[in-house]
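Below: the structure, in structure tokens.
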Amino acid sequence: MDWIQWRNDVFGDPYLVWHEGPEFTELRRRAGTAPDEVARMLAAGVATGDPLAASSIAVLADDGCAPDGAEALLLAAVPGATGAFLIRAAQALHALTGDESWSAPVVSVLASDEFWGVRIDAARVLAGFAPTAELIEALGRGVCDTEFLVRTHCANVLREYARRKRDIVELKLFEKIRGPHDGEEETEAHRTARQEAADRLMADASRLLG
């Protein structure tokens, strides 16, 4: 069985995995009953650069049952990795090692010209890292991104860093990052408002830094 067939058996329809997000129940079951098979198939997935294979290793690492050799496998894959796979490989290596410096590749993707959906994934993965001044600044820059959804997710991660429970869309501050609205052209006023929001969100998150 190859990676694609195994992936479909474990996770289901690729479109639903992309649209709804992966469900790891079957992966966890197989990790308990057939760990050698799981290790072999995830290695094959990593070899193809599939982000889901790296995400699976992260999940199993969090559960304390990562496949043997997973760290070395991912370390070998990272130098040539980009985009979504780089994000998930860094996330998995963070889970495996506890090394917070694995946030750096994720930040590089957030600041890149990758597709906006990939940049959103980068922002969400940063929520799993310990807040630092550098990460707060990176997310603050994300609040000024040209894509609305990237701005919103970066703002919410900063809210998480600040240990705030309300979503950014529930706050008046949201209006500063929301525009331009349909049919409007982006203006300097929009950019200025985003920076004001970013500054406030960064200041709130920074208050908890040691």
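The values are calculated or read from the model by the stated rules, or taken from the named source; none is laboratory data. From a predicted model like this one, the values you see are computed outputs, not experimental measurements. Cβ atoms come from the backbone with ideal geometry, glycine included; neighbour counts cover every protein chain shown.
Summary table
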item	result
Candidates 35, 14, 22, 51 - the one that is more than 21 Å from residue 96 (Cβ to Cβ) and not basic (Lys, Arg)	14
Candidate set: the range 110-127, residues that are of a type in the set (A, V, I, L, M, F, W, C) and surrounded by fewer than 23 Cβ atoms within 10 Å (Cβ to Cβ); chosen: the one farthest from residue 150 (Cα to Cα)	127
Selection from the range 25-38 of residues that are among the hydrophobic types (A, V, I, L, M, F, W, C) and either over 19 Å from residue 2 (Cα atoms) or crowded, with 19+ Cβ neighbours inside 10 Å (or both)	27, 31, 38
Criterion: more than 28 Å from residue 206 (Cα to Cα), crowded, with 22+ Cβ neighbours inside 10 Å and either outside the structural domain of residue 189 (by TED's automatic domain parsing) or touching a Pro at 6+ places or on another chain (Cβ under 6 Å) (or both) - qualifying residue of 93, 74	74
Sole exception among (1) in contact (Cβ under 8 Å) with a residue 12 or more places away in the chain; (2) at negative phi for residue 163, by number	(2)
Selection from the range 1-46 of residues that are under 24 Å from residue 80 (Cβ atoms) and without any contact (Cβ under 8 Å) to a residue 12 or more places away in the chain	4, 14, 18, 40
Odd one out for residue 112 among (1) within 20 Å of residue 195 (Cα to Cα); (2) of a type in the set (S, T, N, Q); (3) under 12 Å from the mean Cα position of the chain (by Cα)	(3)
Meets criteria (outside any loop (DSSP other than H, G, I, E, B) and over 19 Å from the mean Cα position of the chain (by Cα)) for residue 189	yes
Test for residue 53: is it buried (at least 20 other Cβ atoms within 10 Å of the Cβ), under 23 Å from residue 107 (Cα atoms) and in contact with a helix residue (DSSP H, G or I) (Cβ under 7 Å, 6 or more places away or on another chain)	yes
